[in-house]
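Student: Handing you this structure, nothing more for now.
The values are calculated or read from the model by the stated rules, or taken from the named source; none is laboratory data. Just so you know, these numbers come straight off a predicted model, no measurement behind them. All Cβ positions, glycine included, derive from the backbone under ideal geometry; neighbour counts span all protein chains shown.
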Number of protein chains: 2
Amino acid sequence: MSIRLNIVNAIYNGMPKEAGISKIDFEGPEIAVYVRNPAVVDGETVKKIAKEIKKRVVVKADPKSRKDKEETKEIIKNIVPQEAQIIDIKFDDELGEVLIKAKKPGLVIGKGGSIQQKIFAETYWRPIIVREPPLKSRTYDGVLTHIYNETEYRAKALRVFGERIHRDILFKDRFVRITGLGGFNEVGRSAVLVETPESKILLDVGLNPSVSYGEKLFPRIDIDQVKLEDIDAVVITHAHLDHCGMVPLLFKYGYEGPVYMTPPTRDIMALAQLDALDVAEKEGRPIPYTAKEVRRELLHTITLDYGEVTDIAPDVKLTFYNAGHILGSAMAHLHIGEGLHNVVYTGDFKYARTKLLDKANDEFIRVDTMIMETTYGAHDQENREESEAKLIDIINKTISKGGKVLIPVLSVGRGQEIMLVINDAMKNKKIPEVPVYITGMVDEITAIHTAYPEWLSRELREAILYRDENPFMSEFFKRIEGYKEDIAQGEPSIIIATSGMLNGGPAVEFFKNMAHDTRNSIVFVSYQAEGTLGRKVRDGAKDIQILDRDGRVENIKVNMEIGVVEGFSGHSDRRQLLAFLRNLNVKPKNLVLNHGEPSAISSFKRLVESGKIKGIDNVYAPKILESIRTI
Amino acid sequence: MSIRLNIVNAIYNGMPKEAGISKIDFEGPEIAVYVRNPAVVDGETVKKIAKEIKKRVVVKADPKSRKDKEETKEIIKNIVPQEAQIIDIKFDDELGEVLIKAKKPGLVIGKGGSIQQKIFAETYWRPIIVREPPLKSRTYDGVLTHIYNETEYRAKALRVFGERIHRDILFKDRFVRITGLGGFNEVGRSAVLVETPESKILLDVGLNPSVSYGEKLFPRIDIDQVKLEDIDAVVITHAHLDHCGMVPLLFKYGYEGPVYMTPPTRDIMALAQLDALDVAEKEGRPIPYTAKEVRRELLHTITLDYGEVTDIAPDVKLTFYNAGHILGSAMAHLHIGEGLHNVVYTGDFKYARTKLLDKANDEFIRVDTMIMETTYGAHDQENREESEAKLIDIINKTISKGGKVLIPVLSVGRGQEIMLVINDAMKNKKIPEVPVYITGMVDEITAIHTAYPEWLSRELREAILYRDENPFMSEFFKRIEGYKEDIAQGEPSIIIATSGMLNGGPAVEFFKNMAHDTRNSIVFVSYQAEGTLGRKVRDGAKDIQILDRDGRVENIKVNMEIGVVEGFSGHSDRRQLLAFLRNLNVKPKNLVLNHGEPSAISSFKRLVESGKIKGIDNVYAPKILESIRTI
């Protein structure tokens, strides 16, 4: 009997007759059971069916049973306590869902989901509850609006995905083949193809930020193995462009399948892609897709929380785990063929606590093959406490001289971490109270962070959710738009500005106007790539020529103090990579190293092979276009 | 400017005006220049052009200039000395060629090609000269007749190949990717995919003789990387079915490109494939193609001699070298991207002289990557002289008892080698003169050997061509059809019969009727696979049940003497593999081991890595579906 028939039978047999099933839909990875009388279906019944068929099952109401929308709004407002502060209510007629946006979503959910359940029981609309962030984010609002404007397209797409995910298994032969498409023996354009006889999964589809054009900009998604119509799922581990920057291109070339990621990754990714289009246009550089493909990608996105086990192909289940790298970053666990093989792809990960995020996960039910990033495979980073002390010291010295501190930051992750460090230091009087200006994309990204407190470190989460202390809302922070002359020339202050390598954004303007003054400082808190202005300055250049927007050469004298603080990295250093492997509850038979320069990878490979880690049989360091079979 | 335009220009500029070029055709790897007046074109002019454009150039006459066919036949018969014994003359109007079949083709060619040139100069037909073998071969005749019946189809196909081979190079990116499709960490279903950004080459497309059906019967030509319409060339190294048995399947599924091999491989392959169809039909086993696809394959076959450098893709040149394994067996050298990379695929090879063939080649202009068979990677074979002595000893003992000797042989290679050994021994009185019966396919294969004396060992070649002594024609050999009761029960004799593992053919009938008699012997001279009747007998089983054709069980008592002689293998043993690598004039940077059981391969890999061979950087032992990049 076919898999789908099996599922349908189990549902008909398991549900009470009185429920009146009107339709069973495969909506992406979920099985939606539409009934005329949801009141008679209790949670236990659904759980039992889900357990039997090992699928995610949701009960929804037949359209004819659902309450009128205006009436529903009224009921919701009556049930939900006022303090929840509902901001918006939107309906999805296709999926029978009602989106409730509230300042305190926990109060809409209720204890143990009680209020949420009550809403469904009284309106027959399935509530989807999201947070209205304290800092307004255009991106966050825009993504939700876009998706709820296109419910018809989206429902149709989900049904196509669902039929495909739950298709029958055809082949008896069993293998798992892993092919490096990008980001192998290099950093950038990350992409991995995982193939079984049944299915093909793409893990990350990034661009190469160190080149502007040409074939090295893309991962090798042009080869015959990557037939877009045969790809079952694209899985994105985090929102940096070197991991997700080429997803829209798939849609341009005809990909019609789902893209899986966490909710924060979706929003930051959309922002990063649209910003990249913007910057490329300004610089007259071509990017091979447009905003149209970004919008399509969003409609094909299925978001998953950490720990949520989800069918993404007839023989593959996906589960995300915290990677500790940036907001929403995930390790992807693929359970293949009912126990045949388990693959973990770490993506970029930080195996250490930061102020912003918890330490990456190190517990998996099973792992046979681990694909692990090795960016710092050959280096140990400066220790975190030293780094904080160093940053505080530079700030104190600069301000005592009457100077200003410029901190160029990457918009995602590093910027927020530095904000938290400075806020803490100022609160604890380790540095004097001066204005902290935030400018550039870091501001919008911070707003997205405030929409997802559940995804932050335990301490932050508790402070925000239970004590109502949100450090991102700290009174020390002053948000500004772009570059401000009066701040660059004004009183002592701290300026946190993008971009992190001085290759664009307001940070460059601030630098140009602050560099001459010996009282000022610039502090580099992240990696400065070869060829960037940041690298030149960090390396001590004193006379710098910059082309301004009109193509005129400006000569910049660099008299300001240069600080370099390296301990805030979002990547695990060598010690952390080793500790991660050592602490894993189950050891992978195969370790595949990627995302690193060849020297870092070969050095770390030798380290593991020399017996530093017990229980790993094979260490692979494939080149791009090499394929390995892990079973 | 395009590659094709370049070629055309060079030809127009290089040829004398008076030649009157009427057409330039790309006929497979050859550039054919059709002229109205070939008399004015001398050999030097053509050589100069060929050297300039690095292509094979042939001058042909415009159809209107060619002499009338009957007249041409008369001219040929007048020019060629009578002793050449011309048997047949056939015309190919499409390609302007005349096929001359003669018992002494050397006399048709003439000293330094003088007569051949004269034929062209006087008739304007390009002579193709082949041998009429002393032993009539149905296969050999059939193949030639088939090809000359379909000259129109073939000329059209060659032109399509030619256009494709000489297409322009598109990509700047350069890589060479090697993927194991079959025969990696196993023996059987050999197939290798070599990919560059421009082109895809399949090296061997075999079947797995140890299974009768199911997915392990085929190499993995079903994966997306093997898009048949994108394959530029199929290259077959020799005619054993585990290397060529699935080529017809490619044509069934739409392959329309060329298949390259040596002329003897073409004929033996056709015979082996048709015989496999025959046997499968008798046994009621399905084979996924029919004789129709074999016939198509022959029309797509382009034969190459050893050492002939040939363009097979815009960035790949192929050259065959002697492999010493069976008649026509070749090592394939791929020169990729004008010096970028050189790959040698050894196929099966014997790095030692046998009576039948010369030792495999060990000199290459360049090799960067060598894909080498490792069948005997873990074993040294019994020495050749001992083996011969052992065989002679068994024969002597048996005949002196009044018994008969049954030698089951593989039809290709081993059978002929044993014939040569016995002929020599009998001639030199080491064994008494008794009839040597030859039965089964070995007879037809021997006939094909007599058509290609140039491809045999130097000694045989000299004996046959210069001294007119053909051991295959020896008076000792008596050819019979199938099984003969009177021989099985008759006077002392030697019976050489297929198949080699007693899994079919007249050998089984002889065995059944000879086994009970203690005076008789059976001698195994080749590998007996697990599960075959041969293996059971070799291992000493005394009571054997065999199903006869009507499904009745026959009980066979084995009282005959069992002899095992292992030194006649067509594969290099461990010592020979090592000697081959050691003697190579250039050492490959990468050594890829295939065609061996996992234990043989891993053992040989350790041997090479332990430093036995200097100059090899990487040793790979890929699994099927693993891909490696050698540049």
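Student: Among the numbered criteria (1) modelled with pLDDT under 95; (2) surrounded by fewer than 18 Cβ atoms within 10 Å (Cβ to Cβ); (3) out of contact with any helix residue (DSSP H, G or I) (no Cβ under 6 Å at 6 or more places or on another chain), which one does A:Glu469 miss?
Tutor: Single failed check for A:Glu469: (3).
Student: Just to verify a result, which residue in the stretch B:221-250, among those that are among the hydrophobic types (A, V, I, L, M, F, W, C), surrounded by 24 or more Cβ atoms within 10 Å (Cβ to Cβ) and within 16 Å of B:His595 (Cβ to Cβ), is farthest from the other protein chains (Cβ to nearest Cβ)?
Tutor: Step one: list which residues in the stretch B:221-250 are among the hydrophobic types (A, V, I, L, M, F, W, C), which gives B:221, B:223, B:226, B:228, B:231, B:233-236, B:239, B:241, B:244, B:246-247, B:249-250.
Then drop every residue that is not surrounded by 24 or more Cβ atoms within 10 Å (Cβ to Cβ), which leaves B:233-236, B:239, B:244, B:246-247, B:250.
Right, trim to within 16 Å of B:His595 (Cβ to Cβ) and you get B:235-236, B:239, B:244, B:246.
On the way: B:Val235: 20, B:Ile236: 23, B:Ala239: 28, B:Cys244: 23, B:Met246: 17 Å.
Filtering first and then ranking leaves B:Ala239.
Student: Right, next: When residues of the stretch B:601-614 are filtered for being part of a loop (DSSP other than H, G, I, E, B) and either within 13 Å of chain A (Cβ to nearest Cβ) or out of contact with any Leu (no Cβ under 9 Å at 6 or more places or on another chain) (or both), how many remain?
Tutor: Looking only at the stretch B:601-614, we keep the residues that are part of a loop (DSSP other than H, G, I, E, B), and these are B:613-614.
Those still in the list that are either within 13 Å of chain A (Cβ to nearest Cβ) or out of contact with any Leu (no Cβ under 9 Å at 6 or more places or on another chain) (or both) too: B:614.
Total meeting the criteria: 1.
Student: Can you find, within the stretch A:202-220, the residue that is surrounded by the most Cβ atoms within 10 Å (Cβ to Cβ) among those that are modelled with pLDDT of 95 or more and within 14 Å of chain B (Cβ to nearest Cβ)? Even if it seems obvious, please write down each step before you answer.
Tutor: First, pick out the residues of the stretch A:202-220 that are modelled with pLDDT of 95 or more: A:202-206, A:219-220.
Now restrict to residues that are within 14 Å of chain B (Cβ to nearest Cβ): A:202, A:219-220.
On the way: A:Leu202: 25, A:Pro219: 30, A:Arg220: 20.
Within the stretch A:202-220, the match that is surrounded by the most Cβ atoms within 10 Å (Cβ to Cβ) is A:Pro219.
Student: Does A:Thr139 meet the test of being of a type in the set (Ser, Thr, Tyr) and under 26 Å from A:Ala39 (Cα atoms)?
Tutor: Details: of a type in the set (Ser, Thr, Tyr): yes; under 26 Å from A:Ala39 (Cα atoms): no.
So A:Thr139 does not fit the description; no.
Student: Let me ask something else about it. If a residue counts only when it is among the aliphatic types (A, V, I, L, M), which strands (runs of 3 or more DSSP E) contained entirely in the stretch A:322-379 have at least 3 such residues?
Tutor: On the way: elements: A:330-336, A:341-345, A:369-373.
Output list reads A:330-336, A:369-373.
Student: Assess whether A:Val187 counts as being closer than 17 Å to A:Leu250 by Cα and either within 14 Å of another protein chain (Cβ to nearest Cβ) or out of contact with any Phe, Trp or Tyr (no Cβ under 8 Å at 6 or more places or on another chain) (or both). Talk me through it step by step, then tell me what you get.
Tutor: On the way: closer than 17 Å to A:Leu250 by Cα: no; either within 14 Å of another protein chain (Cβ to nearest Cβ) or out of contact with any Phe, Trp or Tyr (no Cβ under 8 Å at 6 or more places or on another chain) (or both): yes.
No, not satisfied.
Student: Residues of the stretch A:483-504 being of a type in the set (Asp, Glu) and either at pLDDT below 95 or farther than 19 Å from A:Ile394 by Cβ (or both), which ones? I'd like the intermediate steps shown before the answer.
Tutor: Residues of the stretch A:483-504 of a type in the set (Asp, Glu): A:485-486, A:491.
Scanning the stretch A:483-504 gives A:Glu485, A:Asp486.
Student: Hey, among B:Ile395, B:Ile431, B:Ile418, B:Ile399, which residue is under 30 Å from B:Leu274 (Cα atoms) and at pLDDT 95 or above? Give the steps one after another, and end with the answer.
Tutor: On the way: B:Ile395 fails: under 30 Å from B:Leu274 (Cα atoms); B:Ile431 fails: under 30 Å from B:Leu274 (Cα atoms); B:Ile399 fails: under 30 Å from B:Leu274 (Cα atoms).
Of the residues listed, the single one that is under 30 Å from B:Leu274 (Cα atoms) and at pLDDT 95 or above is B:Ile418.
Student: Now a separate question. With the condition being more than 21 Å from A:Arg159 (Cβ to Cβ), I'd like the strands (runs of 3 or more DSSP E) fully within the stretch A:1-87 carrying at least 1 qualifying residues. Explain how you work it out, then say what you get.
Tutor: Values: elements: A:21-27, A:30-35, A:56-61.
Correct list: empty, since no element meets the threshold.
Student: Considering only the stretch B:178-225, state which residues are β-branched (Val, Ile, Thr) and either assigned to a strand (DSSP E or B) or out of contact with any Ser or Thr (no Cβ under 9 Å at 6 or more places or on another chain) (or both).
Tutor: B:Ile178, B:Thr179, B:Val192, B:Val194, B:Thr196, B:Ile201, B:Val205, B:Val211, B:Ile221
Student: Name the residue, out of A:Asn555, A:Asn583, that is of a type outside the set (A, V, I, L, M, F, W, C) and under 28 Å from the mean Cα position of the chain (by Cα).
Tutor: Details: A:Asn555 fails: under 28 Å from the mean Cα position of the chain (by Cα).
Checking each option against the conditions leaves just A:Asn583.
Student: For A:Glu338, which of the numbered conditions (1) over 19 Å from A:Gly28 (Cα atoms); (2) within 17 Å of the chain's Cα centre (by Cα) fails to hold?
Tutor: (2)
Student: Within the bounds of the stretch A:294-306, is there any residue that is part of a loop (DSSP other than H, G, I, E, B), surrounded by 21 or more Cβ atoms within 10 Å (Cβ to Cβ) and among the hydroxyl-bearing types (Ser, Thr, Tyr)? Don't jump to the end; show me each part of the working.
Tutor: Step one: list which residues in the stretch A:294-306 are part of a loop (DSSP other than H, G, I, E, B), which gives A:300, A:304-305.
Imposing the further condition that a residue be surrounded by 21 or more Cβ atoms within 10 Å (Cβ to Cβ) reduces the set to A:300, A:304.
Among the residues that remain, those that are also among the hydroxyl-bearing types (Ser, Thr, Tyr) are: none.
So far as the stretch A:294-306 goes, no, none of its residues is part of a loop (DSSP other than H, G, I, E, B), surrounded by 21 or more Cβ atoms within 10 Å (Cβ to Cβ) and among the hydroxyl-bearing types (Ser, Thr, Tyr).
Student: Another question, if that's okay. Could you list all residues from the stretch B:393-421 that are more than 27 Å from the chain's Cα centre (by Cα) and either of a type in the set (Gly, Ala, Ser) or surrounded by fewer than 19 Cβ atoms within 10 Å (Cβ to Cβ) (or both)?
Tutor: Across the stretch B:393-421, the qualifying residues are B:Asp393, B:Asn396, B:Lys397, B:Ser400, B:Lys401, B:Gly402, B:Gly403.
Student: Within the set of pairs 6 or more residues apart or between chains, which connect a residue that is in contact (Cβ under 8 Å) with a residue 40 or more places away in the chain inside the stretch B:253-264 to a residue that is among the hydroxyl-bearing types (Ser, Thr, Tyr) with Cβ atoms less than 6 Å apart?
Tutor: B:Val259/B:Thr301; B:Pro263/B:Thr303; B:Pro264/B:Tyr452
Student: Return the residue satisfying two criteria in turn: it lies in the stretch B:617-631 and is touching a Lys or Arg at 6+ places or on another chain (Cβ under 6 Å) and free of Cβ contacts under 8 Å to residues at least 40 places away in the same chain, and of such residues it is nearest to the other protein chains (Cβ to nearest Cβ).
Tutor: Within the stretch B:617-631, the match that is nearest to the other protein chains (Cβ to nearest Cβ) is B:Asp617.
Student: Test of understanding: among B:Ile89, B:Ile119, which residue is over 27 Å from the mean Cα position of the chain (by Cα) and surrounded by 15 or more Cβ atoms within 10 Å (Cβ to Cβ)? Before you say what the answer is, go through the steps one by one.
Tutor: Values: B:Ile89 fails: over 27 Å from the mean Cα position of the chain (by Cα).
On inspection, the qualifying residue turns out to be B:Ile119.
Student: Name the single residue, out of those in the stretch A:159-174 being surrounded by fewer than 20 Cβ atoms within 10 Å (Cβ to Cβ) and either within 14 Å of chain B (Cβ to nearest Cβ) or of a type in the set (Phe, Trp, Tyr) (or both), that is nearest to the chain's Cα centre (by Cα).
Tutor: That would be A:Arg174.
Student: Looking at A:Tyr253, is it within 14 Å of another protein chain (Cβ to nearest Cβ), farther than 23 Å from A:His571 by Cα and surrounded by fewer than 17 Cβ atoms within 10 Å (Cβ to Cβ)?
Tutor: Numbers: within 14 Å of another protein chain (Cβ to nearest Cβ): no; farther than 23 Å from A:His571 by Cα: yes; surrounded by fewer than 17 Cβ atoms within 10 Å (Cβ to Cβ): yes.
No: the conditions fail for A:Tyr253.
Student: Select from the stretch A:227-248 the residues that are touching a Pro at 6+ places or on another chain (Cβ under 9 Å) and under 12 Å from A:Gly182 (Cβ atoms) and list them in ascending order.
Tutor: Scanning the stretch A:227-248 gives A:Asp242, A:Gly245, A:Met246.
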